[in-house]
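Before any comments, here is the structure.
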Amino acid sequence: MSRARTSNEIWWAVLWDKLHEFFHNCPKLPKKPITESSLPFQIGTNITIKEYNTFLNNYGSSGYKFRFKLNSDKKTGIVDIVDMTTPVHEDIVSLLQDFFKVPNGGVIFRPPIKVTGQPLLWDKLHEFFHNCPKLPKKPITESSLPFQIGTNITIKEYNTFLNNYGSSGYKFRFKLNSDKKTGIVDIVDMTTPVHEDIVSLLQDFFKVPNGGVIFRPPIKVTGQPLHYNPDGSGVEIAPDVAVYPSTAFVPRPAISTILPRPPGDIHGNPHAQIMCEVAVGQGVGRLKQRCLTWMKEQYVRAVVCIKILSPRAGIRERATGYFYRTMTAKLYCQGIHGISKRKWDFGNIKKNSRDPIGDPAPCNAPNLSGFQINIPIGEIFWSPRFPNPAIPPAIGALHLTHFTIDLYKIQQIALEAQM
């Protein structure tokens with residue numbers, strides 16, 4: 001794994017980006033957060049179609065929606081920001097995706113219709129303004145992770161950055177300095193087809209107990225909702241997948257009758273009670289640290305941890321052409337005697353094997369009980385007052401007691417995403 005960049009290297013990278021902007025007519029993302037009342041917000045004039053397409057591929061998944069309006073010459077145009085990522089926007093997008101999944105008839109593994117979000121993979125640059133993390137202008141590779149993008153960043157600056165640019169195609173880590181006020185910001189993982197397809201399948205597994213209900217379901221499943229770090233630092237962090245109880249069954253903390261008041265996410269919703277973290281480029285040690293961080297909050301009842309290692313060089317499955325990849329999963333659960341942990345080695349090659357033919361991997365078919373993660377559904381509705389909560393009737397009618405994650409299906413989705 002490559003080392004993080006030094007402050008001097010970051011300075012030169014920023015200078016290079018500025019020179020690129022100076023010599024090329026590129027759209028300029030706003031240095032400061034903008035509001036909905038300022039829309040449309042012009043960020044470029046006389047931009048060529050090629051320049052706009054390049055910009056969109058690099059920074060399309062940026063929390064903004066863009067419009068390119070051709071000039072009369074039919075070669076150049078004006079670029080505006082016309083909308084932004086907000087909780088309202090993202091919840092509506094999630095519901096629309098569920099509507100389009102209805103014809104799949106509940107099939108979540110290799111469905112006939114694939115529904116996804118913006119397929120552009122890279123994020124925008126947060127311009128050089130004050131002492132804020134700086135997103136890379138050029139795509140980075142997994143081999144360059146962790147990739148340092150800021151030093152001596154205050155908690156407030158980091159939280160502002162995360163709120164504006166968290167839906168960016170990157171996963172960030174904020175490491176506090178010894179002064180407990182500032183820290184270092186690294187990119188630790190990236191949006192890739194492998195990562196996003198696994199996240200989407202995990203979300204579908206957790207939606208099964210909703211029985212096809214997509215409007216105000218009893219269980220809410222979403223991606224990357226911001227929560228406060230359980231260490232009390234005030235730093236905001238987000239999982240890849242979060243599973244919440246509906247407010248029809250668990251009220252928001254502000255109106256809860258439980259004392260002391262339960263925690264919530266940063267928007268005042270009930271705290272997510274199951275978290276999922278998926279790592280492709282992110283190192284195993286940092287992934288474990290993030291999972292254990294979530295477990296410091298008693299309302300987080302379980303954390304699912306998925307790690308997909310790089311393909312083995314030079315060898316593929318003969319029948320499918322898939323790479324051989326090691327994959328591991330962990331489940332952390334709150335228990336009477338502390339945190340429990342289970343592990344699975346579920347790739348199409350064993351973790352320490354060099355011979356996938358003579359020493360075949362045992363996770364080789366769906367519905368194998370030894371390669372399923374099962375989490376009680378009741379954990380979503382847990383509270384200190386109700387440690388054994390009743391499952392809502394709408395879920396009970398389906399005779400389901402557990403969320404079930406089939407690791408073979410995770411394996412196959414990961415293999416299909418990178419051929």
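Throughout, read-outs are computed from the coordinates displayed, never taken from laboratory work. Small disclaimer: the values here were computed from a predicted structure and weren't measured. Note: ideal-geometry Cβ built from the backbone for every residue, glycine included; neighbour counts use all protein chains shown.
A simple packing score, the average count of other Cβ atoms within 10 Å per residue, orders the peptides 190-201, 210-221 as 190-201, 210-221, with the highest score first. So how far apart, in nm, are the two label points at Leu309 and Lys175 if each is 7 Å from Cα heading toward Cβ? Label-label distance for Leu309 and Lys175, simple model: 2.3 nm.
Taking the longest Cα principal axis of the chain as reference, the axis of helix 407-417 is set at about 20 degrees.
Working from Cα pairs under 8 Å separated by at least six residues, relative contact order for the range 192-419 is 19 percent. Each of Lys156, Lys65 was scored by other Cβ atoms within 10 Å of its Cβ. Arranged with the fewest first, they read Lys156, Lys65. Between Ser369 and Phe109, the simple label model (points 7 Å from Cα in the Cβ direction) yields a spacing of 1.7 nm. Considering only beta bridges that DSSP places wholly inside the range 192-419, some 85 percent are antiparallel.
For the chain, what is the relative contact order in percent, using Cα pairs closer than 8 Å and at least 6 residues apart in sequence?
Numbers: 775 pairs, mean separation 47.6, N = 419.
After rounding, I find 11 percent.
Using the rule -39500 (n - 2.57) for each DSSP H run of four or more residues, divided by the residues of the chain, the 222 nm mean residue ellipticity is -7000 deg cm²/dmol.
For the chain, the longest principal axis of the alpha carbon atoms and the long axis of helix 7-23 meet at an angle near 50°.
Stokes-Einstein, applied to the Kirkwood radius of the chain over Cα pairs at a viscosity of 1.567 mPa s and 4 °C, places its translational diffusion at 56 µm² s⁻¹. With the convex hull of its Cα atoms as the shape, the range 299-357 has an orientation-averaged projected area of 5.3 nm². Here Lys75 is the anchor, and the lysines within straight C-alpha reach of less than 29 Å, apart from those fewer than 8 places off in the same chain, are Lys18, Lys28, Lys31, Lys50, Lys65, Lys124, Lys137, Lys138. Placing pseudo-labels 7 Å out from each Cα toward the beta carbon at Arg354 and Arg385 gives an inter-label distance of 6.1 nm.
Dipole size in debye (nearest 20) for the chain around its Cα centre, Lys and Arg Cβ +1, Asp and Glu Cβ -1?
Values: 49 positive and 34 negative charges, 108 e Å.
So the dipole magnitude of the chain works out to roughly 520 debye.
Potential lengthening of the chain between Lys75 and Leu96 amounts to 4.1 nm, from the contour at 0.36 nm per residue minus the alpha-carbon distance. Each of Ser369, Ser353, Ser340 has some number of other Cβ atoms within 10 Å of its Cβ, and from fewest to most they run Ser369, Ser340, Ser353. Across q = 0.10, 0.16, 0.24, 0.26 Å⁻¹, the range 196-283 modelled as identical point scatterers on its alpha-carbon atoms has Debye log10 I(q)/I(0) values of -0.28, -0.69, -1.25, -1.34, in the order of the q list. For the range 266-335, the share of DSSP beta bridges that are antiparallel, to the nearest 5, is 55%.
Other residues within the sphere of radius under 12 Å centred on the Cβ of Val241, judged by their own Cβ, net out at -2 (K and R +1, D and E -1). Computed from Cα atoms alone, the Kirkwood hydrodynamic radius reported for the range 192-419 is 18.5 Å. Lys207: which lysines have alpha carbons under 18 Å from its alpha carbon, excluding same-chain residues fewer than 8 sequence positions away? Leaving aside lysines fewer than 8 places away in the same chain, those within reach of Lys207 are Lys101, Lys114, Lys220, Lys409.
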